[in-house]
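K.L.:
Below you'll find the structure I mean.
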Amino acid sequence: MKLRNCIKLAVVAACCAPAFAFATNGYFQHGYGVKSQGMAGVGIALPQDALAAATNPAGMAFVGDRVDLGATWFRPMRGADLSGANPFLPAGAYEGNQTNDFIIPEFGYNKMINPSLALGVSVYGNGGMNTDYNRPIPLFNGGATNTSGVDFTQLFISPTISYKITPEHALGLAVNFAHQSFAAKGLQGFAGFSSNPAALTDVGHDSANGWGARVGWTGRITDAVTLGATYQSKTKMGKFNKYAGLFEDQASFDVPANFGAGIAVKAAPTFMLAFDVQRIQYSGIPAVGDPSVARLLAGRLLGSSGGPGFGWQDMTVYKLGASWDYSPTLTFRAGVSHGKQPIQAQDTLFNILAPGVIEDHATLGLTWAVSKTGELSFSYMHGFNKNVSGAVPAALGGGNVNLRMYQNSLGIAYGWKL
């Protein structure tokens, strides 16, 4: 496949990005690339395709010349159950699934310039969140007939360079060019709590661009053991100016830093085990990590410096995956992951808009080599139902909010070995 055709495929994938939104580990994906997704997202020490740079750019030095193109159908089922006598939060089940089917595209290209140096590019959805409630929540929309919700997406385009400092050890650098989009509706009830009510809600989609970097190392310690480590800096983004009255510090919304380590063990000639630990630093982004209700009650205005955020804590995710080469043309995969969800009980009210509470995932996957140069991969993920409950302060009418979510996804990708 010629380079200009690879660039065209990358542009198509990028143009598709506004169609997706997802939330698995907080609002990050559980894995990047269909092969990795079939193993619960492991990949820091186990590069498998040209999406490896999304997890650890050093891995691109070991995947060879290839192109990967895929898409994942994602279906999150999210909602909130309200209880108590609060007149602004009528008791009942509220479903945030008016929009519930999303497509997440992915694209990767890698070229070995020489046996030690690889150049590539990976295009992928980094994170997102969507809610679209089926009936009004008076506290949010002031009793209007319109419903509440948000639509948030992030796209990364990551040119990558990786270099084998020895035949078994590589370093990598990915420059992450990020694009994100956001829209909110049905938040008129918070106009009196906003520093800029005209830039609070129902002003359509806004977008912001920015950049950051990811670095990584991968090393084969023995014939059977490979280690890896990676760090992604905070991605500094432009502001969502249309929502300067909603997000803290006049709509500053950077991408959190994250880091991790992994090990891959070839337990048998046809069997591989891999384990990753990832830390996502949500608390480093004020609009995400700063408390919500407590600051609202303290008189801090939405959109102001030091104003309310969403109250998300940092998240540590543990991923375990396995692959089995059943035959020279067929590989099976499976995995599980766990991470304590980031939303605290005292912040459940505001997070009706963003109930990213999933903690546990189980995955399956397979790759079928359809020719000497082509392979077709599939993945399935189930995010198990999780509930997080918290009380609404008496100053806001009392009651209780129970957030809940479960999810499923199916991925398909085709890889060309060049």
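Here, each number is a calculation from the coordinates, and none is a lab measurement. Here the structure is a predicted model, which means the values were calculated and not measured. We place every Cβ from the backbone using ideal geometry, glycine too, and count neighbours over all the protein chains shown.
K.L.:
I'd like the antiparallel share, as a percent to the nearest 5, of DSSP beta bridges with both residues in the chain.
P.N.:
Working: 167 of 169 bridges.
Of those bridges, close to 100 percent are antiparallel.
K.L.:
So which residue, out of Q29, Q154, Q37, gets the largest mean-square fluctuation from a GNM of the chain using Cα contacts under 10 Å as springs?
P.N.:
Of Q29, Q154, Q37, the Gaussian network model singles out Q29 as fluctuating most.
K.L.:
To the nearest 10 degrees, how steeply does helix 3-16 sit against the main Cα axis of the chain, on a 0 to 90 scale?
P.N.:
20
K.L.:
Using only the Cα atoms of the chain, what semi-axes does the equivalent ellipsoid have when each is the square root of 5 times a gyration tensor eigenvalue? Give whole Å, largest first.
P.N.:
They are 39, 21, 19 Å, listed largest first.
K.L.:
Excluding W73 itself, calculate the net charge of residues whose Cβ lies under 15 Å from the Cβ of W73, where each Lys or Arg counts +1 and each Asp or Glu counts -1.
P.N.:
Its environment carries a net charge of -1.
K.L.:
Further question on the same structure: Any idea how far the Cα center of the range 274-345 sits from the one of the range 58-132, in Å?
P.N.:
First find each Cα centre; the distance between them is then 13 Å.
K.L.:
Using only helices, what value at 222 nm comes out for the chain when you add -39,500 (n - 2.57) per DSSP H run of length 4 or more and divide by the total residues, to the nearest 500 deg cm²/dmol?
P.N.:
Details: 6 runs with 35 residues, N = 418.
One gets -2000 deg cm²/dmol as the mean residue ellipticity at 222 nm.
K.L.:
If you don't mind, there's one more thing I want to ask. Can you list the HN-Hα couplings for the range 246-261, worked out from phi with the Karplus curve (6.51, -1.76, 1.60; θ = phi - 60°), rounded to whole Hz and with x for Gly and Pro?
P.N.:
Taking θ as phi minus 60°, the curve returns 10, 7, 4, 6, 6, 6, 7, 8, 6, 8, x, 5, 8, 8, x, 9 Hz for the range 246-261.
K.L.:
In whole percent, what relative contact order does the range 171-324 give with Cα contacts below 8 Å and a gap of six or more residues?
P.N.:
Computed over the range 171-324, the figure is 21 percent.
K.L.:
Placing +1 at every Lys and Arg Cβ and -1 at every Asp and Glu Cβ, with all other atoms neutral, what dipole size does the range 3-417 have around its Cα centre, in debye to the nearest 20?
P.N.:
540
K.L.:
Going by average Cβ neighbours within 10 Å, how do the peptides 283-289, 44-50, 155-161, 111-117 rank, with the highest at the top?
P.N.:
44-50, 155-161, 283-289, 111-117
K.L.:
Around Q346, with a cut-off of 14 angstrom between Cβ atoms, what is the net charge of the other residues, counting Lys and Arg +1 and Asp and Glu -1? Mind dumping the intermediate values first?
P.N.:
Working: positive: R295; negative: D290, D347.
Summing Lys and Arg as +1 and Asp and Glu as -1 gives -1.
K.L.:
If packing is taken as the average count of other Cβ atoms within 10 Å, what order do 123-129, 141-147 fall into, highest mean first? Write down the numbers at each step before the final one.
P.N.:
Numbers: 123-129: 24.9, 141-147: 15.4.
Listed from highest to lowest mean packing, they are 123-129, 141-147.
K.L.:
Rank-order 55-63, 234-242 by packing density, defined as the average count of other C-beta atoms within 10 Å over each peptide's residues, highest first.
P.N.:
Output ranking for 55-63, 234-242: 55-63, 234-242.
K.L.:
Quote the relative contact order of the range 133-197 in percent (integer), defining contacts as alpha-carbon pairs under 8 Å separated by 6+ residues.
P.N.:
It rounds to 38 percent for the range 133-197.
K.L.:
Step through the residues of the range 62-78 one at a time and calculate ³J(HN,Hα) from phi using the Karplus curve (6.51 cos²θ - 1.76 cosθ + 1.60, θ = phi - 60°), rounding each to whole Hz and writing x for Gly and Pro.
P.N.:
10, 9, x, 7, 6, 10, 10, 9, x, 7, 10, 8, 10, 10, x, 10, 10
K.L.:
Please give the charge dipole size of the range 13-160, origin at the Cα centre, charges +1 on K and R Cβ atoms and -1 on D and E Cβ atoms. Round to the nearest 20 debye.
P.N.:
The calculated dipole for the range 13-160 is roughly 140 debye.
K.L.:
Suppose a student asked you for the relative contact order of the chain, using Cα pairs under 8 Å spaced at least 6 residues apart; what percent would you report?
P.N.:
18
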